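> Before I ask anything, here is the structure I am working with.
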Amino acid sequence: MNGAPRWRLIVVGGHTRSIGKTQLVCDVIAAFPRAHWIAGKITQYGHGVCAQNGENCDCAPDEHVCAINWETNSDTGTDSARFLAAGARRSFWLRTKAGISRRRIAATSGGVAASERSGRSGTSAGNRGEQLLAAISQTSLYFAVVDPEKEDFKDSARAALDRADALVLRGSTDTLPGAGPSWLKLPARLLKEKPSVTQREGEPLPEPLHVLVQRALEGPSNISI
């Protein structure tokens, strides 16, 4: 034993923007107020990944491929502030350059935990963000949010669905899996074999998801950063 803290990592992903990923994170945090949550949002930038009206937004750090901002206020309306308002102990926003290689991420030393333990707020760059990204592959639990009414479906999100522990369905689900051209590309077996639950935004965390989170929290701490 080297004394390094060990963590459980719960990830919420989705196939596009504005489908309630942040709200689901808040729902999970609020449902387990005794857990010492460190919550974060990961944004990719570059190549039109993070843009507003076709123009790049201002999330990209100037000097590094990754940067972390630790949130200090719960009332600013940002996603990381919403995590604090829901009950997270700490909250951050990580921006990472699109296309960064997993090999480079895995080879990088440092860690977000070291930054968190130091108690610093503001921006940290480089190593800590890349080490956090490397840890994502060791998730204790992964929820994928999907909305059949949204046409946009990125290839990376489609590949990640196969690793999801459960699908969280938004909007109308009457037409799954053939709700549009993007949905025709989905393997039908995923929508049949994966555990799924419908949750519209504003509804409490569904009981099946509550059970899965509870099991993850009671399970082994399998991540060391």
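The values are calculated or read from the model by the stated rules, or taken from the named source; none is laboratory data. Keep in mind it's a predicted model, so treat the numbers as computed, not measured. For accessibility, only protein heavy atoms count, side chains too; no ligands or nucleic acids. Shrake-Rupley method; radii C 1.70, N 1.55, O 1.52, S 1.80 Å.
> Of everything in region 135-158 that's assigned to a helix (DSSP H, G or I) and open to solvent by less than 30 Å² (accessible area, probe 1.4 Å), which residue is modelled with the highest pLDDT?
That would be ALA157.
> Related question: Please state which of the following conditions ALA107 fails to meet, knowing it meets all the rest: (1) over 24 Å from VAL213 (Cα atoms); (2) at pLDDT 75 or above.
All conditions pass for ALA107, except number (2).
> Do you know which residues across region 10-21 are at pLDDT below 90 and either more than 29 Å from GLY202 (Cα to Cα) or in a loop (DSSP other than H, G, I, E, B) (or both)?
Passing the criteria: HIS15, THR16, ARG17, SER18.
> Out of the residues in region 52-82 that are in a strand (DSSP E or B), open to solvent by less than 20 Å² (accessible area, probe 1.4 Å) and not aromatic (Phe, Trp, Tyr), state the one that is modelled with the lowest pLDDT.
The selected residue is CYS66.
> Does region 26-51 hold any residues that are at pLDDT 70 or above, open to solvent by less than 30 Å² (accessible area, probe 1.4 Å) and of a type in the set (A, V, I, L, M), and which are they?
VAL28, ILE29, ALA35, ALA39
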